[in-house]
Amino acid sequence: TEADNDYLFGHSNSATAYAYMIQHEVDHGIDPSVHYADLTAAAQNALRINGQDLLTHGALIQGSILLAIYHLDSGRDLDGPIQAARQHIEKFIQLQPGIPIVYNHLAITHQLIAQRTLRQGDDPSAAIQSGLRALVDGARRSGGGDGVAVSLEAQLLALQAQAQQGRNQSPQLSLDLALVRSQQAVQRSPEDPEVLLAAAEATWRAGAVRM
């Protein structure tokens, strides 16, 4: 009904607004848990009206990934928000498998696991390879990776180079490819701050390996 659509629009917009609030909080090192709970509540209300609303599912993905980033940066448990993010991503892909950006989000969940694994002194290869496969899936649907996807590939390859160096393996191939992908990402999206930041981080990680 028209009333249901109005309610759906309101709840979905609220979920999206909370996702932006969470982004702001994570950017400033603030615990986003309260607004994440608000986002989840608004999303549940929206999905009770229309369980296939992609905007709401997208807000849940964004919020869960941002919470995972905060947990990684603050040394908290990563498994909960990663599991939530992957559940939301899986649902989104079931509803609309042809949207490339959701595969970028899936790659980010693997990247976060790889970062944690590397920090713990363990081998992050499985997570890195899973992330790279997710980007390949996205590239198939976009006719070639966008700037964000290519910058994520650069970050994963830089993590791979770090891991190889830590295991006394040659990181040179991963290192060189990470730097190439960083340059390609900037060339594809020269005005996208997200891409520029991700490419810069990949280049920094690669530089640390060179040292």
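The values are calculated or read from the model by the stated rules, or taken from the named source; none is laboratory data. None of these values were measured; they are calculated from a predicted model. Glycine gets a Cβ as well: all are built from the backbone with ideal geometry, and neighbour counts include every protein chain shown. These accessible areas exclude ligands, DNA and RNA; they are computed on the full protein's heavy atoms, side chains included. Shrake-Rupley method; radii C 1.70, N 1.55, O 1.52, S 1.80 Å.
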Give all pairs with beta carbons closer than 9 Å in which a residue from region 129-140 that is hydroxyl-bearing (Ser, Thr, Tyr) meets a residue that is in a helix (DSSP H, G or I) and buried (at least 17 other Cβ atoms within 10 Å of the Cβ); count only pairs at least 6 apart in sequence or on separate chains. SER130/LEU106; SER130/ALA107; SER130/THR109; SER130/HIS110; SER130/ILE113; SER130/ALA114
How about region 87-205: which helices (runs of 4 or more DSSP H) wholly inside it have at least 3 residues that are modelled with pLDDT of 95 or more and open to solvent by 60 Å² or more (accessible area, probe 1.4 Å)? 125-142
Only one of GLY51, GLY147, GLY75 that is under 30 Å from GLN184 (Cα atoms) and of a type in the set (Gly, Ala, Ser): GLY147
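Please determine whether any residue of region 1-20 is assigned to a loop (DSSP other than H, G, I, E, B), at pLDDT below 95 and not aliphatic (A, V, I, L, M).
We begin by selecting, within region 1-20, every residue assigned to a loop (DSSP other than H, G, I, E, B); these are 1.
From the residues that got through so far, the ones that are at pLDDT below 95 too are 1.
Now drop any that are not not aliphatic (A, V, I, L, M), which leaves 1.
Yes, region 1-20 contains a residue that is assigned to a loop (DSSP other than H, G, I, E, B), at pLDDT below 95 and not aliphatic (A, V, I, L, M).
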Answer from SER14, SER64 - the residue that is hydroxyl-bearing (Ser, Thr, Tyr) and closer than 17 Å to ALA134 by Cβ: SER64
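Against the definition (free of Cβ contacts under 8 Å to residues at least 24 places away in the same chain and over 15 Å from LEU54 (Cα atoms)), how does ASP77 come out, yes or no? Step through it out loud before you land on a result.
Values: free of Cβ contacts under 8 Å to residues at least 24 places away in the same chain: yes; over 15 Å from LEU54 (Cα atoms): yes.
Here the answer is yes, as ASP77 does meet what is asked.
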